[in-house]
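Report on one structure; see the data block that follows.
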Amino acid sequence: MANKFTDALNGFLRKVFYNDRLTCASCGADVFSDGYFCGRCEKELPFNGGFVCSKCGRHIGSDYPVCLECKADMPSYTKARSPFSYEGEIVRLIKNLKTGKKYLADLFSEYMAETAAKEFAGADLAAFVPMTERAAKKRGYNQARLLAEGVSAKTGIPLEAELLVKTRDTGEQKALSRKERAQNLKGSFRVHERIKCRGKTVLLIDDVMTTGATANAVSEALFGAGAAQVYLLTAASVPAKDENKVK
């Protein structure tokens, strides 16, 4: 009874003080708890569980050390993880995060912080994939920064907000191949204060990992500045392609 009363009280207080969390982020139903989703919707979320590649953290078909994509072209970062697979409702929610619904950064950073605590507890500092000033002004904000701020606040890993700089706009990459993306991003990131990452384990934060080209480009810049390890944490990652899943 006490727990039910506490949940109801917390729900009421959220309705009064946190208007963006009074309903399920997915279906809109009332949620009288500390969660972001109703019970039904949370059960249907594509959590990135089961078998994952030990390197890139993507969901794969069966228990195997690394996915075939990583085996063919090993990523630059040390390892990557994400709480969600980029599928179903998570796709819609991340698109909403990018198009004005900034409060969703708190939702995703909650799950990302749990992943960071389990996988990346030894990180010395956090950073995020930067945008150019022009791109940030066009969107109004950098969603990766919002996620990083949330993860830092929830885990205590210090955030170095000015560590990374994107030197030029690289345009849309959706239609580009893995190789073309890598070429498009080459040399587009630099470390602003190299001494801050020298010998350190850096937790790099972004919203989604698709091919991993962006993470590789940023990781190469961090390693070039002397970072000891680069851990990648994203809200979601695109699962291994069907033809690359180990049967």
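If you take just the helices (runs of 4 or more DSSP H) that sit entirely in segment 94-181, which of them hold at least 1 residues that are of a type in the set (S, T, N, Q) and under 28 Å from Tyr36 (Cβ atoms)? It would help to see each step written out before you state the result.
Numbers: elements: 104-119, 133-139, 143-155.
Where helices (runs of 4 or more DSSP H) fall fully within segment 94-181 and carry at least 1 residues being of a type in the set (S, T, N, Q) and under 28 Å from Tyr36 (Cβ atoms), they are 104-119, 143-155.
Of all residues in segment 184-219, count the ones that are open to solvent by 50 Å² or more (accessible area, probe 1.4 Å) and either in contact (Cβ under 8 Å) with a residue 40 or more places away in the chain or part of a helix (DSSP H, G or I) (or both). Give the derivation first.
Of all residues in segment 184-219, those open to solvent by 50 Å² or more (accessible area, probe 1.4 Å) come to 186-187, 190, 192-196, 198-200, 210.
So of that shortlist, the ones also either in contact (Cβ under 8 Å) with a residue 40 or more places away in the chain or part of a helix (DSSP H, G or I) (or both) come out as 194-196, 200, 210.
Residues that pass the stated criteria total 5.
So, of the residues in segment 26-35 that are in a loop (DSSP other than H, G, I, E, B), open to solvent by 20 Å² or more (accessible area, probe 1.4 Å) and touching a Cys at 6+ places or on another chain (Cβ under 8 Å), which turns out to be farthest from Val91 (Cα to Cα)? If you could, list the steps in order and put the result at the bottom.
Of the residues in segment 26-35, the ones in a loop (DSSP other than H, G, I, E, B) are 26-29, 31-35.
Those left that are additionally open to solvent by 20 Å² or more (accessible area, probe 1.4 Å): 26-29, 32-35.
Next, from what is left, pick out any that are touching a Cys at 6+ places or on another chain (Cβ under 8 Å): 26-27, 29.
Details: Ser26: 11, Cys27: 14, Ala29: 20 Å.
Selected residue: Ala29.
Can you pull out the residues in segment 154-165 that are among the hydrophobic types (A, V, I, L, M, F, W, C) and either surrounded by fewer than 20 Cβ atoms within 10 Å (Cβ to Cβ) or under 14 Å from Asp124 (Cβ atoms) (or both)? Before the answer, list the steps.
At the first step, the residues of segment 154-165 found to be among the hydrophobic types (A, V, I, L, M, F, W, C) are 157, 159, 161, 163-165.
Ile157, Leu159, Ala161, Leu163, Val165 - these are the residues of segment 154-165 that are among the hydrophobic types (A, V, I, L, M, F, W, C) and either surrounded by fewer than 20 Cβ atoms within 10 Å (Cβ to Cβ) or under 14 Å from Asp124 (Cβ atoms) (or both).
What pairs come up if the first residue lies in segment 220-236 and is farther than 14 Å from Lys79 by Cα and modelled with pLDDT under 95, the second is in a loop (DSSP other than H, G, I, E, B) and open to solvent by 10 Å² or more (accessible area, probe 1.4 Å), and their beta carbons are under 7 Å apart, counting only those six or more places apart or on different chains?
Correct list of pairs: empty, since none qualify.
Looking at segment 54-72, can you tell me whether even one residue there is under 22 Å from Ile205 (Cβ atoms), under 18 Å from the mean Cα position of the chain (by Cα) and charged (D, E, K, R)?
Of all residues in segment 54-72, those under 22 Å from Ile205 (Cβ atoms) come to 54-59, 67, 69-70.
Checking which are under 18 Å from the mean Cα position of the chain (by Cα) leaves us with 54-59.
Keeping just the survivors that are charged (D, E, K, R) gives 55, 58.
Yes, that holds for at least one residue.
If you go through segment 134-149, how many residues are in contact with a strand residue (DSSP E or B) (Cβ under 9 Å, 6 or more places away or on another chain) and of a type outside the set (A, V, I, L, M, F, W, C)?
4
Please find, within segment 120-153, the residue that is nearest to the chain's Cα centre (by Cα) out of those that are more than 21 Å from His192 (Cβ to Cβ) and surrounded by 17 or more Cβ atoms within 10 Å (Cβ to Cβ).
Across segment 120-153, the extreme among qualifying residues is Gly150.
Quickly run through segment 126-159 and pick out the residues that are farther than 14 Å from Asp206 by Cα and in contact with a Lys or Arg (Cβ under 6 Å, 6 or more places away or on another chain). Don't jump to the end; show me each part of the working.
In the first step, residues of segment 126-159 are kept if they are farther than 14 Å from Asp206 by Cα; the result is 132-140, 153-158.
Hit for segment 126-159 is Thr132, nothing else.
Is it the case that Phe84 is within 14 Å of the chain's Cα centre (by Cα) and closer than 15 Å to Pro239 by Cβ? Explain how you work it out, then say what you get.
Working: within 14 Å of the chain's Cα centre (by Cα): yes; closer than 15 Å to Pro239 by Cβ: yes.
So Phe84 fits the description; yes.
For segment 69-93, which residues satisfy the criterion of being in a helix (DSSP H, G or I) and either touching an Asp or Glu at 6+ places or on another chain (Cβ under 7 Å) or buried (at least 16 other Cβ atoms within 10 Å of the Cβ) (or both)?
Let us first name the residues in segment 69-93 that are in a helix (DSSP H, G or I), namely 69-72, 88-93.
If the condition is that a residue be in a helix (DSSP H, G or I) and either touching an Asp or Glu at 6+ places or on another chain (Cβ under 7 Å) or buried (at least 16 other Cβ atoms within 10 Å of the Cβ) (or both), then Glu69, Cys70, Glu89, Ile90, Val91, Leu93 are the ones that fit.
For segment 101-108, check the following and say yes or no: at least one residue is within 25 Å of Phe189 (Cα to Cα) and surrounded by fewer than 23 Cβ atoms within 10 Å (Cβ to Cβ).
Checked against the condition, which is being within 25 Å of Phe189 (Cα to Cα) and surrounded by fewer than 23 Cβ atoms within 10 Å (Cβ to Cβ), segment 101-108 yields at least one hit.
The values are calculated or read from the model by the stated rules, or taken from the named source; none is laboratory data. In this text, all values refer to a predicted model and were calculated from it rather than measured experimentally. Reconstructed Cβ throughout: ideal geometry from the backbone, glycine too, with neighbour counts over all protein chains shown. Only protein heavy atoms, including side chains, enter the accessible area calculation; ligands, DNA and RNA are left aside. Shrake-Rupley method; radii C 1.70, N 1.55, O 1.52, S 1.80 Å.
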